[in-house]
Amino acid sequence: MALDEQSKILLEQIKSLNAPPVNTVPPEKSRELFEARPRLEGPKLPEVRDIIINTEGIDIACRLYLPSTDNKLPILVWFHGGGWVIGSVDGSDGVTRYLADKSGYAVLSVDYRLSPEVKFPGPLNDCYGVTKWVYENSDELNVDKAKISVGGDSAGGNLASAVCLKAKDEELKQGDRIGMIRFGSRADVYYENYEPLVKVGQKAISGETLLAKK
């Protein structure tokens, strides 16, 4: 199978940087190398804005992507990948733009704190706290609190799974549901009383859809 032409160009550009593998250098250098990588740009959207969400006294930088400003939208809270050590809102900007554009969902990308500076459960608490804030402040964002999903790639998919379980354990939704999509993170378990809620952008993306449900 031939490699997609855009992917081929992107991989050639990354190779031209001649950067060492990220696992062979300190975390700070890994992040610098990651941010220097070329990326495919995402589509233009009607509104993209940076916001700060405070949870447990910690300010978490987030970026909100709106594919439409006319209606109250469902929302996907997105956690980037990077092994819990690298990655950022900027690094996943193209991905989250496509998710918003192709799904019709508002997307909130979360710049959770990274390891090793912040140990577990710090990053999980950041992601859960932001998700809870979205639920409690849905009117401020003009999103539908009954249609909140969480998702992520790789380590972000793991965080999305954990947020769903934490929400279920703490009864965050008081009977409402959280949908989940995840990429590059498998946990081949399907919990009793979980069922599909929403299929986020299914025509554009593939993933697994689960629920955290009381």
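The values are calculated or read from the model by the stated rules, or taken from the named source; none is laboratory data. This is a predicted model, so every value here is computed, not measured. Cβ placement follows ideal geometry from the backbone for every residue including glycine, while neighbour counts extend to all protein chains displayed.
Some notes on this structure:
- Qualifying residue in the stretch 56-68 (condition: closer than 18 Å to D144 by Cα and surrounded by fewer than 18 Cβ atoms within 10 Å (Cβ to Cβ)): yes
- Residue satisfying condition, being among the hydroxyl-bearing types (S, T, Y), more than 30 Å from V25 (Cα to Cα) and in a loop (DSSP other than H, G, I, E, B), within set T131, T69: T69
- Scope the stretch 104-137; condition without any contact (Cβ under 8 Å) to a residue 24 or more places away in the chain and either crowded, with 16+ Cβ neighbours inside 10 Å or among the polar types (S, T, N, Q) (or both); matching residues: G122, N137
- All positions within the stretch 19-39 that are farther than 30 Å from N125 by Cα and modelled with pLDDT under 80: A19, P38
- Taking each residue of the stretch 52-65 that is at positive phi and looking for partners that are outside any loop (DSSP other than H, G, I, E, B) and not hydroxyl-bearing (S, T, Y) with beta-carbon atoms closer than 7 Å, six or more apart or interchain, yields E56/N125; E56/G129.
- Flag if R97 is in a helix (DSSP H, G or I) and either at positive phi or without any contact (Cβ under 8 Å) to a residue 60 or more places away in the chain (or both): yes
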